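See below for the structure under consideration.
Nothing in this text is a laboratory measurement; each read-out follows from the coordinates by a stated rule. All of these numbers come straight from a predicted model, not from anything done at the bench. Positions of Cβ are backbone-derived with ideal geometry, glycine not excepted, and every protein chain shown enters the neighbour counts.
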Amino acid sequence: MKCFEYMGKEFFAKFGIPVPKGRMVLTPEDAEKVAVEIGKPCVIKSQVLSGKRGKAGGIKFADTPAEAKVAADAILGMTVQGHKVERILVEEKLKIEGELYVAITIDGAARAPVVITSAKGGMDIEEQAEEDIVKVNLDVFLGLQPFQAKELARRIGLKGNLAKGFADIVQKMYKMMVEKDAELVEINPLVISGDSVIAADSKLTIDDSALYRQKDIPYVDEEKTEMEKMAHEAGVGCFVELGGDIAIMANGAGITMATLDTVQLYGGAPANFMDAGGGTGVDGTAKAIEILLAQKPNVVFVNIFGGITRCDDVANALAQVIKKVGMPVPFVVRMVGTNQEEGLRVLKEVGIEAFRDMAPAAKKAVELAKGGAA
Amino acid sequence: MKCFEYMGKEFFAKFGIPVPKGRMVLTPEDAEKVAVEIGKPCVIKSQVLSGKRGKAGGIKFADTPAEAKVAADAILGMTVQGHKVERILVEEKLKIEGELYVAITIDGAARAPVVITSAKGGMDIEEQAEEDIVKVNLDVFLGLQPFQAKELARRIGLKGNLAKGFADIVQKMYKMMVEKDAELVEINPLVISGDSVIAADSKLTIDDSALYRQKDIPYVDEEKTEMEKMAHEAGVGCFVELGGDIAIMANGAGITMATLDTVQLYGGAPANFMDAGGGTGVDGTAKAIEILLAQKPNVVFVNIFGGITRCDDVANALAQVIKKVGMPVPFVVRMVGTNQEEGLRVLKEVGIEAFRDMAPAAKKAVELAKGGAA
Amino acid sequence: MAILVNADSKVMIQGITGKQGTFHLKQMQAFGTQVVAGVAPGKGGGIHEGVPLYDTVYEACKNHQIDAAVLFIPAPFCKDAALEAIESGVKVIVVVTEHIPVHDEMIIVNRGKQKGATIIGPNTFGMASWKCKLGIMPNIAFSPGPVGVVARSGTLTYEIVGSLTNIGIGQTSVVGLGGDKCPGSSFVQMLKMFEADPDTKAVVLIGEIGGNAEEEASEYIKTMSKPVVAYLAGKSAPPGKRMGHAGAIIERGKGTYEGKVKALTAAGAKVATFPHEVRDLIKEHLK
Amino acid sequence: MAILVNADSKVMIQGITGKQGTFHLKQMQAFGTQVVAGVAPGKGGGIHEGVPLYDTVYEACKNHQIDAAVLFIPAPFCKDAALEAIESGVKVIVVVTEHIPVHDEMIIVNRGKQKGATIIGPNTFGMASWKCKLGIMPNIAFSPGPVGVVARSGTLTYEIVGSLTNIGIGQTSVVGLGGDKCPGSSFVQMLKMFEADPDTKAVVLIGEIGGNAEEEASEYIKTMSKPVVAYLAGKSAPPGKRMGHAGAIIERGKGTYEGKVKALTAAGAKVATFPHEVRDLIKEHLK
């Protein structure tokens, strides 16, 4: 779960990481009030989950509270990279003398946390040369020791109080990462301002699997399309709209990807990625099929290799939908695995002759889609 | 540093370990008040750092607040195993249905924390048979995991809620041990009362070397003799009175022990153990020598192998004392090591011919002591 | 023979009395797996589907030789259960559960490494050698034979293994590494075992986009004497979720379909375009 | 030769510019130790007594081969400094400092073990092989020769080693395990190295009451081909501090003078009654 910038900064403050003075507000009036409290030139930042807000006009500066109100009014309600802005962060404007980059995340290949830092922070961090980026893998049992934090500071060329401030921040970031079950704690830029380093931005991603034990973190609902919301409510593991005309359901991320790949190799255009997951039962699966139909595709292609997912559940879900809304477009079903005999029997009753192999089924779906579109 | 029972229990309560209702008080009047608050039969326990308080009469029961006052009055001011009672703990009297033992300490041989537990807690735990005691070494990086706590509960025969309560307590003890830099966290007895387990006593020893980072733990001054206090103030590493007539100073625990052993093997009786430690300088060493003299021995035996300790410092300290108070009893000095030439020169000036070897020096000290006693 | 486990292996199930545990216990027994002990706190001393129950892993291990453990444990308790198996000295541990917090996962897999335990999973269908299935995959897909299979994803493995079985090509062992960020085992570890296993004549590697596991594997495949056939899912996948800049910096230039195909091909592996092509390529190699 | 280090070993000092660090640097140099790098945060790039300075251990190790490190670091910072040396791959680390919190100590010594580093100390005089002294002991006590010495206490070691040197019996290596509860190394580890070192002809073990290090050592001494002479301090010592019941339960029947003498004697070691007897017993063995 991605957190908004202001949420990350609230946690930073709790863990003792320096952040600019400021607060999240919902209205231009409150933005003005906060600007008065700050009593200095401010920055007004749209709070959305996408990056590149600056380029999209989602960040404005204000020298006076009145200007802050105007800027807030402009930003609130605008759309940044498809996300409607509902919250803004009003903060003191920092005197920026340098921009560093620092993040802690999990390096899956190393099965370990990794600290990544660079003296060249800011917008274009991803484009920095390899030699300008310092990476250190941590040991999960040892955590981040002070000497490692100091060595990182040294390697990005910091000295004196800046080195101390940086080492302190990176240790606190690690503590926060572990205590908050974060997958990512990122500061970009970490701003050099006089003798201190200050977190001018925050990116904090909490491990979805650990939300159950992080009750004090407010839930952030990532902006979803209507269809994605429906899929989420139906208990579908993962659903992404792709815009083609063959609506696809499979079970398992790997086989779903492989189904899409196969459809595309045969010249078809998938309407979506839908990993139905395992064990959603008849009703959940029926809802998922309704979502497929709601995309108004030319063909529905269901590809099931039953394991935890039972073939009879999927067949009954299909039958249930067909009884309810009929078969507005052709259904191509491939079905093998757990309880397949019963599944095939149920399908036959509603007039579907299921395939046993994936390739001919995918081919058939593509042919039908082309026929249907013609 | 050993903590009083009530201090340990205050920490237990902070870490969520169940303790009887109660409070430490300094007067019989307050004892009566606490008994009123508790509103049940109470136990009044002397707060001293030695064990076996019960056998010494330092624990009494009271059915009413009036009885509590009387009991408190009797205990306050009594002496338990040489320790004057200045504080008492007034607690609800538990309904005891069983007594367990559980402790976490550090097993030096394993370089690891060790949990020790037994279904047979209470007074005579040290005398329990080996098979009635369960010991599990922990991994310092992994700490105490829930499964280990549950396995310990099973191995001492606990089931259901008692097992859960026990497992919970032992995990909290470990957390406390690490966070409070404890060398020992012990509960004996851990009382079974109905469906729960409650810490009826506490033994908590904080690592002296870690006191600097445990500022919230009040300092407990172990009862010392006048002489021990003087030694402590002089910066002497370790001083123990032994009652013989040869006052001994050496530098380093090993050589001090060896010096005592040698004196005793030659038939002498050491007055004390004094490890002068290293780097106390001239003034500290002079004070230490004055302590030796304060014991009114028949001989003073100083055995120095200079390393960090510099021979000239010790020699100058001896000269300083001799100039101040003379040589009321014979001084036998053995001196080699760092800056020995200068040391020997200074000693010669005050009339001491130092030995180069320890054995003849020890022999001489014993002879002189016997002569002096004759 | 096979890798990691075989028909003689003695297996313990943690969480054996739950709905999932019970269902898959029966499936495993039907496959031929010797389930000799089950762990179910509070039920020690009982019998479940013919399997003796113990309160703790320590007790089970005291009473039985345990060669492998399978965990059917809810995610919040998996760290503890996996550590219990590791610390008790179990050498093959299959963690089926998905949605284990990644910080727990790092502790499990790194502790396993320290103690010399092979962790399969988390979030895996498990693994099977002939007559010893540890996990949740459908029994019918498997048959004994000369092909080693190692995969990152589940149903796709059933798909491909099933297609091999259908034309009479069996498997020595089939291993699912699991779909989580920090899997306990790697392609390379399994490839090494297949290379060393005299009965394995060819290996199927089933990968997908993202991460650098396939690139790592390619380095080892270069040194292998046995043929490797790979299939990678995700050729047409839209760009996945990204985690701030840090993910992009770690993975620089790795993780794409094209990159992986290039690495595997350069290492001498054949990469199938369709899942069903795998069986044809394997058939070539076994001729 | 010697054990752990020798005349060719390249040494780094952490905390080199402090009062203690500077004093003992000079003493070590006088002994012949090749001190090639010093670590002093904020002073990197400088030179101290002819030794190049670095801000961090990582930097020192990048610029020099480092065979051993000696720490002159205040107790509160020792854990960090020792871990820095361990994680940088230094294989012999001498921690002179006393009063290190025992929980820090456990982390240092267990991490050292995991990473294959030999930790000497904490709270030790250090160790010396001929021309390579790592620590704080007086140079004059030592001389090259055929006796290996391993000890738990400091000045007593100077006493005994000095008495050997005085009659012309030199040492291959002298190692102080340190006086803390959780020392990084054990008698057994050192005895094994002495047993394997061709130049060591006899070994002196200097122990004391408390703990079970001598009992453990006895088990190994049984298997040694080389003679061992022991001295134990504390025969006449009053009962030491006790830590609740737990200490007594751990040490049951171990740790007494009599028990240790019995174990060592049974293992074939000669136990000297007086410190100065050690040299006589060693002389016997070297005849």
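Sequence-distant contacts, meaning Cα pairs under 8 Å at least 6 residues apart, place the relative contact order of the range A:226-369 at 25 percent.
For the peptide B:145-156, the mean number of other protein chain Cβ atoms found within 10 angstrom of a residue's Cβ is 5. Put simply, the convex hull of the Cα atoms in the protein assembly as shown casts, on average, a shadow of 58.9 nm². For B:ASP107, the residues whose amide H sits under 5 Å from its own are B:ALA112, B:VAL114, ignoring neighbours fewer than 5 places away on the same chain, with H placed 1.01 Å from N. Nearest to the axis that brings chain A onto chain B is this chain A residue, judged by its Cβ, with the distance in whole Å: A:PHE141, 2.
Only DSSP H runs of four or more residues enter the estimate; each adds -39500 (n - 2.57), and after division by the residues of the protein assembly as shown the mean residue ellipticity at 222 nm equals -11500 deg cm²/dmol. Label-to-label distances for A:ILE96 across copies, nearest first, come out at 7.0 nm, using points 7 Å from Cα in the beta-carbon direction. Label point of C:GLY116 (7 Å along Cα→beta-carbon): distances to the other copies' equivalent points are 1.6 nm, sorted ascending. The A:SER193 and A:LEU142 beta-carbon pair, evaluated with R₀ = 25 Å, returns a calculated FRET efficiency of approximately 0.20. A cut-off under 10 angstrom between Cβ atoms defines the neighbours of D:ILE167, and their net charge, with Lys, Arg +1 and Asp, Glu -1, is +1. In this simple spin-label approximation, B:GLU367 and D:ASN166 carry label points 7 Å from Cα along the Cα→Cβ vector, and these lie 1.7 nm apart. Relative to the first principal axis of the alpha-carbon coordinates of chain B, what is the inclination of helix B:160-179, with its axis defined by its Cα atoms, in degrees from 0 to 90 and to the nearest 10? It works out to around 30 degrees. The charge dipole of chain D, taken about its Cα centre with unit charges on the Cβ of Lys, Arg, Asp and Glu (plus for the first two, minus for the last two), comes to roughly 320 debye. Entry for the range C:10-120 at q = 0.12, 0.13 Å⁻¹: log10 I(q)/I(0) = -0.35, -0.41, Debye formula applied to identical alpha-carbon scatterers, no solvent contribution. Working note: Karplus 6.51/-1.76/1.60 with θ = phi - 60° gives the range A:257-266 the couplings 4, 4, 5, 4, 4, 5, 4, 5, 5, 7 Hz, where Gly and Pro are set to x. A simple spin-label model places the labels of D:LYS283 and A:GLU342 9.4 nm from each other, with each point 7 Å out along Cα-to-Cβ. Counting every other Cβ atom within 10 Å of each residue's Cβ, A:LEU144, C:LEU156, B:LEU94 order from fewest to most as B:LEU94, A:LEU144, C:LEU156. Summing Lys, Arg as +1 and Asp, Glu as -1, what charge do residues with Cβ under 11 Å from the Cβ of B:PRO270 carry, B:PRO270 excluded? Summing Lys/Arg as +1 and Asp/Glu as -1 gives -3. Backbone phi angles across the range A:113-125, fed through the Karplus curve with coefficients 6.51, -1.76 and 1.60 (θ = phi - 60°), yield HN-Hα couplings of x, 9, 9, 10, 9, 7, 6, 10, x, x, 4, 9, 4 Hz in residue order; Gly and Pro are listed as x.
Distant-in-sequence amide contacts of D:SER185, defined by a placed amide H-H separation under 5 Å and a gap of 5 or more residues or a different chain, comprise D:GLY121. Taking Cα centre as origin and charging only the Cβ of basic (Lys, Arg, +1) and acidic (Asp, Glu, -1) residues, the dipole magnitude of the range B:59-191 rounds to 420 debye.
By Cβ position, the chain D residue that hugs the axis carrying D onto C most closely, with its distance in whole Å, is D:GLN114, 4.
The stretch between A:GLU233 and A:LYS159 holds 21.4 nm of extra length on full extension. This uses 0.36 nm per residue minus the Cα-Cα distance. A quarter of the convex hull surface defined by the alpha-carbon atoms of chain A gives 22.1 nm² as the mean projection.
One-quarter of the Cα convex hull surface for the range B:303-351, in nm²?
Mean shadow area of the hull around the Cα atoms is 3.0 nm².
Once the Kirkwood radius over Cα pairs is known for the range A:21-92, the Stokes-Einstein relation at 20 °C and 1.002 mPa s delivers a diffusion coefficient of 187 µm²/s.
Among C:PHE23, D:ASN166, A:THR79, flag the residue with its Cα farthest along the positive direction of the charge dipole of the protein assembly as shown, charges on Cβ as +1 for Lys/Arg and -1 for Asp/Glu. So the residue furthest toward the plus end is D:ASN166. Across the options B:ILE206, C:ALA68, B:ILE322, the greatest Cα extent toward the positive end of the charge dipole of the protein assembly as shown (unit charges at beta carbon of Lys, Arg, Asp, Glu) belongs to C:ALA68.
Each other residue within a Cβ distance under 14 Å of B:VAL282 adds +1 if Lys or Arg and -1 if Asp or Glu, for a net charge of -1. Each other copy holds its own label point for B:PRO328; taking that point as 7 Å from Cα along Cα to Cβ, the gaps run 11.0 nm, nearest first. Restricting the range A:316-357 to trypsin sites (Lys or Arg not before Pro) that sit in a DSSP loop and have at most 15 other Cβ atoms within 10 Å of their own Cβ leaves A:ARG356.
Which GluC sites (Glu not before Pro) does the range B:1-89 hold that lie in a coil by DSSP with at most 16 other beta carbons within 10 Å?
Filter output for the range B:1-89: B:GLU86.
Each Lys and Arg Cβ is given +1 and each Asp and Glu Cβ -1; about its Cα centre, the protein assembly as shown then shows a dipole of about 1240 debye. Among the trypsin sites (Lys or Arg not before Pro) within the range A:95-126, those in coil by DSSP and having at most 11 neighbouring Cβ atoms inside 10 Å are A:LYS95. In this structure the amide hydrogen of D:LYS10, modeled in the peptide plane, comes within under 5 Å of the amide hydrogens of D:ASP67, D:ALA68, none closer than 5 places in sequence on its chain. Normalising the Debye intensity of chain C to I(0), with uniform scatterers on Cα atoms only, and taking log10 at q = 0.09 Å⁻¹ returns -0.41. Mind pulling the angle between the C-alpha long axis of helix D:277-286 and the longest principal axis of chain D? Nearest 10 degrees, somewhere in 0 to 90. That helix lies at roughly 90 degrees to the long axis. Among D:205-213, C:56-64, the peptide with the highest mean count of other Cβ atoms within 10 Å heads the list, and the full ranking is D:205-213, C:56-64. Computed over chain D, relative contact order equals 15 percent, with contacts defined as Cα pairs under 8 Å that lie 6+ residues apart. Taking the C-alpha atoms only, the angle from helix A:5-14 to the longest principal axis of chain A is near 50 degrees.
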